[in-house]
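The values are calculated or read from the model by the stated rules, or taken from the named source; none is laboratory data. This one's a predicted model, so the numbers in the text were calculated from it and none came from an experiment. Note: ideal-geometry Cβ built from the backbone for every residue, glycine included; neighbour counts use all protein chains shown.
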Amino acid sequence: MAARLDIALNQAGLKLPEDGQIAVFRADAGVDYTALPVERTLMVNSDHVQFDRLNALGFRVAELAEGDYAAALVQITRSKAETLALIANALEVTAVGGVVIVDGAKTSGIESVLKQCKARLPIGGVVAKSHGKLFWMIRPQVLPEDVVNLQNALALTTNKDGFLTAAGMFSPAHVDHGSALLAAHFDGRIKGRVADLGAGWGWLAVQALSAGDIGAIDLFEAEKTALNAAAANISDPRAHIHWQDVRSLKSATPYDHVICNPPFHQGRAAEPAIGVDFIRKAAEILKPNGMLWLVANRQLPYEAALDQNFSHWKYLEKTSAFKAILASKPRSPSARTKWAGGTKHR
Ligand SMILES: C[S@@+](CC[C@H](N)C(=O)[O-])C[C@H]1O[C@@H](n2cnc3c(N)ncnc32)[C@H](O)[C@@H]1O
């Protein structure tokens, strides 16, 4: 990804159109967009975290690109199928003769995206940078059918576990093995008012609904596309879905149980600290006798956060890849602040 898009565009000798709207797909608040005319640019991102950050920077932001554009920029994502679908979408909504720029880091797979695009359309040019590439294509009069069809990856389709998902979501092809490990321990013990933090397309919430005596379950998820899938997957009236950045969640009525397979990425970047924020949030929104059911990749360092935020916690199960954890007795805000390490309950 080009943190300095202006430098990359200069190097490319690319002139942006002087009239008309420009859409940035999967716009990223970490990129310097000063090269784009702010009043004519629409930042598109269905991730609540990016949506809020871009808004705070003063941009116009939308969940979806609607309308016609004079040019478009696509920031690639960690999912190749999603990236190619977004490029196809950008080409479709850009005027004939308009430029569609694709920007991405080597670690996110820009080389392979370029190769896939090259196989379908002429590439206008490529600028290589130390950590990535920027390339562009000109919107042809007629878009080849195999380009148009790439957009199908964004449509909800039934995966091998019978759930509706699409490219770009967490584990779209099948249920995550970590979530499956955690759900095997629910065993009718999840009751009352429940929150699912980072609910994805809803698999874990469905397991809780079918394996407990739940009054209501709130699914909190930052990615709107995943939430739309969860809404399509769950018809139970006890489930309520919320497009929400978990880290800014405030709950007036505390919960009996929190279930959570926390993210360890924010957008493209690996960010294990986000799991710590989710553990702290769980402690904040639980009743004093409430419980957190958590699963994580085995190597992720969440133990200190569990010590700090809960008086008791234990491993339910550890495998070579995952650890499932049950934490209880969330510490009060003052106890969390004062906590200086020491007592371990495993
Ligand atoms: C590891 S996945 C778990 C998904 C689902 N619970 C499951 O078991 O398949 C974590 C989820 O958290 C979401 N997420 C990431 N950052 C978030 C945030 N700040 N607030 C809410 N959800 C977030 C991701 O989009 C992703 O769907």
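List of remarks:
- Close contacts from the stretch 5-31, counting a first residue that is in the same structural domain as Ala85 (by TED's automatic domain parsing) and a second that is in a helix (DSSP H, G or I) and polar (S, T, N, Q), with Cβ to Cβ under 6 Å and a gap of 6+ residues or different chains, come to Ala29/Gln50.
- The requirement of being surrounded by fewer than 21 Cβ atoms within 10 Å (Cβ to Cβ) and within 15 Å of the ligand (Cβ to nearest atom) is not satisfied by Gln308.
- Members of the stretch 188-214 found to be assigned to a loop (DSSP other than H, G, I, E, B) and within 13 Å of the ligand (Cβ to nearest atom), listed by number: Gly198, Ala199, Gly200, Trp201, Gly202
- Failed criterion for Gln141 (all others in (1) part of a strand (DSSP E or B); (2) more than 15 Å from the ligand (Cβ to nearest atom) hold): (1)
- Within the set Gly188, Gly198, the sole residue that is touching a Cys at 6+ places or on another chain (Cβ under 9 Å) and either under 18 Å from Leu326 (Cα atoms) or modelled with pLDDT under 95 (or both) turns out to be Gly198.
- Hey, Val127 part of a strand (DSSP E or B) and over 27 Å from Leu227 (Cβ atoms) or not: yes
- Condition met for Ala155 (more than 13 Å from the ligand (Cβ to nearest atom) and at pLDDT below 95): no
- Residues of the stretch 139-166 that turn out to be in contact (Cβ under 8 Å) with a residue 40 or more places away in the chain and farther than 20 Å from Ala72 by Cβ, as a count: 6
- Residue identified as out of contact with any Pro (no Cβ under 6 Å at 6 or more places or on another chain), assigned by TED's automatic domain parsing to the domain that holds Ala12 and surrounded by fewer than 21 Cβ atoms within 10 Å (Cβ to Cβ) among Val126, Val113: Val126
- Odd one out for Leu227 among (1) surrounded by 15 or more Cβ atoms within 10 Å (Cβ to Cβ); (2) within 13 Å of the ligand (Cβ to nearest atom); (3) under 24 Å from Lys329 (Cα atoms); (4) among the aliphatic types (A, V, I, L, M): (3)
- Criterion violated by Leu182 - all others in (1) assigned to a loop (DSSP other than H, G, I, E, B); (2) closer than 23 Å to Ala321 by Cβ satisfied: (1)
- The set of residues in the stretch 2-47 being on the phi > 0 side of the Ramachandran plot and surrounded by 19 or more Cβ atoms within 10 Å (Cβ to Cβ) consists of Arg26 alone.
- Phe220, sole failed condition from (1) over 19 Å from Gln50 (Cβ atoms); (2) surrounded by 22 or more Cβ atoms within 10 Å (Cβ to Cβ): (1)
- Whichever residue in the stretch 129-159 is small (Gly, Ala, Ser) and crowded, with 17+ Cβ neighbours inside 10 Å and, among such residues, is nearest to His174 (Cα to Cα): Ala153
- When Ile259 is tested against the conditions (1) near the ligand (Cβ under 9 Å from one of its atoms); (2) farther than 18 Å from Gly178 by Cβ; (3) among the aliphatic types (A, V, I, L, M), the lone failure is (2).
- Residues of the stretch 85-122 classified as more than 17 Å from the chain's Cα centre (by Cα) and either more than 27 Å from Glu18 (Cα to Cα) or assigned to a helix (DSSP H, G or I) (or both), total: 22
- Any hit, the stretch 78-101, residues being surrounded by fewer than 16 Cβ atoms within 10 Å (Cβ to Cβ), on the phi > 0 side of the Ramachandran plot and either at pLDDT below 95 or not aromatic (Phe, Trp, Tyr) (or both): yes
- Cβ-Cβ contacts under 8 Å between residues 6 or more apart (or on different chains), taken from a first residue in the stretch 197-225 that is not assigned by TED's automatic domain parsing to the domain that holds Asn261 to a second residue that is more than 13 Å from the ligand (Cβ to nearest atom) and not in a strand (DSSP E or B), are absent.
- Identity of the residue in the stretch 168-187, over 30 Å from Gln75 (Cβ atoms) and near the ligand (Cβ under 10 Å from one of its atoms), that ends up surrounded by the most Cβ atoms within 10 Å (Cβ to Cβ): Leu182
Yes or no, residue by residue, for (1) in contact with a Gly (Cβ under 9 Å, 6 or more places away or on another chain); (2) closer than 24 Å to Ala211 by Cα; (3) among the β-branched types (Val, Ile, Thr):
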residue: Ala232; (1), (2), (3): yes, yes, no
residue: Arg280; (1), (2), (3): no, no, no
residue: Ala296; (1), (2), (3): yes, yes, no
residue: Tyr315; (1), (2), (3): no, yes, no
